[in-house]
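Notes to accompany the following structure.
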Amino acid sequence: MRHQWRLLLRPHHILRSQLHNTTHSSSHFQVLSNPNLNLPPFRSLTSLFHTTVSQKPQFINHRDAVSRRFSSEPEQAIEEKDTDHTHIVVADIFAKPTVGVDDIRKELELNSIVISHELVLRVLGNLESSPNVAKRFFDWVLESYGQKLSSKSYNLMLGILGVNGFVKEFWDLVGVMNKKGYGISKGVQNKVLERFQKDGLGGDVEKLRAVYASGSVDNSAEKVCSKLCKIVRSEVWSDDVERQIRELGIEYSSDLVKMVLENVGVEPTKALIFFRWVEESGLFKHDERTYNAMAKVLGREDCIDRFWKVVDEMRSNGYDMEEETFVKVLGRFCKRKMIKDAVDLYDFSMAGANQPSEDCCVFLLRKVAVGKQLDMGLFSRVVRIFTKSGNLLTNSMLGAVFKSLTSVGRLGECNKVLKAMKEGGFVANGHLQSKIAFQLSSTGKKDEASELMENVEASGSTLDHRTWASFIEGHCVAGDFDKASDCFKQMVEKEGVSSAGYAFHILVNAYCQKNRAIEACTLLVGLVNVEQLKPWHTTYKELISKLLVQGGFQNALSLLVLMKNQGFPPFVDPFIEYVSKSGTGDDAINFLKEMTSKRFPATSMFLRTFEAFFKAGRHFEAQNFLSKCPVYIRNHADVLNLFYSMKSRKGSSATNVAA
């Protein structure tokens, strides 16, 4: 079918009928380039076409020569991808004056850098203060990739030369630009005039003004573009519009066509009509830059089918999607919540030479994760696209997805995500497993936490002691102490007690904070006696202190025995404080017996306890305690002196009161 672009001007119902009868094999637009074509007249000029086609065209993956359709998962929300710092790497490569042409190519290949029009602009845009590096880069691109240079590229280089005092080189480049039909931009003229005036180059100032004036009246690409766009935008496309354009006598270039498409892009249908017409009329043969410009214009919700048709045609003609096009269209898809098309676009770009970076994969995975619904089909698809190209999933990637799931309260879905990433050859490390375990158990997602544990073990891995501790701590935070205790017992059963000290300390501390120290003590005693658990010394000390505060004196005494049997020094200070303020003489005797392996401890411990009673003002209990002490303590000189001094002090106080 000749002149298919004219279908864009046909009535809506006629077009739908024709599209319905069109087979997929004719999805590519037929490009005609005969300059002597006689275009048939239009039969009708009606409202512009805005319908959608039920199926996108296929694109070609040149690396595996397999055509494939995009799948049809639901749409989700997504945002723009950040630009990388490739231009900095390129600038560093060209900053080495000793590196030859072949070495430059090797370094670019090692860094997976593909020269594109947008990359050229970014590199030059950051080299204004390094004119020699900029000139070396520009000359290399001109020789190796001349088609990547545009009017804007030349103007950037021209500005660098002018503002850095390279006057001869500046005028040489102006001459080259004149031959190509490129004019000097207003911004470059202003900057360079300022430098010429500062350097007292009056002749060059006048010459630049004259060249700018003559080049900006009729011949510059900008002026020609302005005239052409005015014609295209002002009227419905017709034979008369074509006639007016032809009468301009324009010599079309990539720069000019790209500029027109960008300026007419607010009316994408008109831009597409011009895009088709200019080639079918034999006036211009589209290249990578003009295809990308058209793709950027059509990459929107109401033109989605035309977009896919153009990019498919671009790929079939051997051209690749540029990074700038990918980023711009992806951002637009994101804002319009076109997540399926965003993933399709990622798939398309990964099949080309300008593959998106790892950051882009992370970006899409995160945005699928926070969509209105978690579409695991799309999530798995992004993983497959990424890994199929030889890339490896990493812990940082899962960490980013995990944060996204948490941010939208979708943490319970993390096992599905882990499964999808496992199918991509990835298994989370211990640190990440520990983090996920805590989040699941602390938010009360017991079933999901158990599923995570089962999945890790099913994969042939074992949970390390910190992951077990995270499960336990999480259950404690959620207030489920029974589950926390069961989890700890499960850990001991599977891993033994050799590395259980940290997890048990967390469990005991959690019990104590909830005023359940006696329950923690019962658990500890059972595990020590049955499983030969050896809690940390710190665990014993903290539990004893809490028991004494929470009325568990006898339980605390039982821990003294265990500490003694496991070789820990006795923890006596809280006992002395408790007994002196709240205990009885019997309590004091029982404490002193339990703290030592002998019948009684040293006399100094008795003296400390007596002193504590006196300090607390409990003289009667001190006397009661003395009556229960062994004879050698009751008759000990230091003890007798202590009681005598306390009695004398008490009598003196009573006399002073009477006086």
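We did not get these values from a lab; they are worked out from the coordinates using the rules stated. As the structure is a prediction and not an experimental result, all values here were calculated from the model. For neighbour counting, all protein chains shown are included, and Cβ atoms are generated from backbone atoms with ideal geometry for every residue, glycine included.
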- request: Work out the FRET efficiency for residue 235 and residue 210 from their Cβ-Cβ distance, taking R0 = 35 Å, and round it to the nearest 0.05.
  value: 0.45
field: Anchor residue 435: lysines whose Cα lies under 23 Å away (excluding residues fewer than 8 positions away in-chain)
entry: 367, 403, 416, 419, 422, 445, 446, 483, 489, 494
message: Give me a comma-separated list of calculated 3J(HN,Hα) values for the stretch 383-393, in order, Karplus coefficients 6.51, -1.76, 1.60 applied at θ = phi - 60°, integers in Hz, x for any Gly or Pro.
response: 4, 5, 4, 5, 6, 4, 7, x, 7, 10, 6
- prompt: Projected onto the charge dipole of the stretch 86-219 (+1 at Lys/Arg Cβ, -1 at Asp/Glu Cβ, origin at the Cα centre), which of 133, 150, 187 gives the Cα projection farthest towards the positive end?
  reply: 187
task: Can you give me the three principal axis dimensions of the stretch 460-545 from its C-alpha atoms, in Å, biggest first?
output: 41, 28, 19
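About the Cα centre, and with charges only on the beta carbon of Lys, Arg (+1) and Asp, Glu (-1), how big is the dipole of the stretch 387-463? Nearest 20 debye, please.
Dipole of the stretch 387-463, to the nearest 20 debye: 260 debye.
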message: On alpha carbon coordinates alone, what is the Rg over Rh value for the stretch 211-290, Rh being the Kirkwood radius?
response: 0.95
message: Please list 3J(HN,Hα) in residue order for the stretch 427-436, calculated via the Karplus relation 6.51 cos²θ - 1.76 cosθ + 1.60 where θ = phi - 60°; whole Hz, with x for glycine and proline.
response: 10, 5, 7, x, 4, 6, 4, 4, 5, 5
- prompt: Counting other C-beta atoms within 10 Å, which of 418, 119 has the fewest, and how do the rest follow?
  reply: 119, 418
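Quick one: in the stretch 339-477, what % of C-alpha pairs are over 23 Å apart? Don't jump to the answer; show the numbers that get you there.
Numbers: 3184 of 9591 pairs.
For the stretch 339-477, the share of Cα pairs beyond 23 Å comes to 33 percent.
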- request: Compute the convex hull volume of the Cα atoms of the stretch 86-219, divide it by the residue count, and report the result per residue in Å³ as a whole number.
  value: 100
query: Between residue 499 and residue 413, what is the FRET efficiency for a Förster distance of 35 Å, r being their Cβ-Cβ separation, to the nearest 0.05?
result: 0.65
Rounded to the nearest 20 debye, dipole of the stretch 586-649 from Cβ charges on Lys, Arg, Asp, Glu: 120
statement: Using alpha carbon centers only, the stretch 529-563 is separated from the stretch 256-313 by a whole-angstrom value of 78
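Given N residues in the stretch 423-485, what is its alpha carbon radius of gyration divided by 2.2 N^0.38 Å?
Rg over 2.2 N^0.38 Å, computed on Cα atoms: 1.06.
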- prompt: Hey, got the Cα dimensions of the stretch 136-187 along the principal axes, in Å, largest first?
  reply: 26, 23, 17
- prompt: About the Cα centre of the stretch 122-178, what is the dipole size in debye to 20, counting +1 per Lys and Arg Cβ and -1 per Asp and Glu Cβ, all else neutral?
  reply: 140
- line: Here the stretch 234-250 yields Karplus 3J(HN,Hα) values (6.51, -1.76, 1.60; θ = phi - 60°; whole Hz; Gly and Pro given as x) of 7, 9, 5, 4, 7, 4, 5, 4, 4, 4, 4, 5, 4, 5, 5, x, 6
- prompt: Among 517, 474, 502, whose Cα lies farthest out toward the positive end of the dipole of the stretch 463-528, if unit charges sit on the beta carbon of Lys, Arg (+1) and Asp, Glu (-1)?
  reply: 517
statement: For residue 207, counting only lysines whose alpha-carbon sits under 19 Å away and dropping same-chain residues fewer than eight positions off, the answer is 168, 179, 186, 191, 198
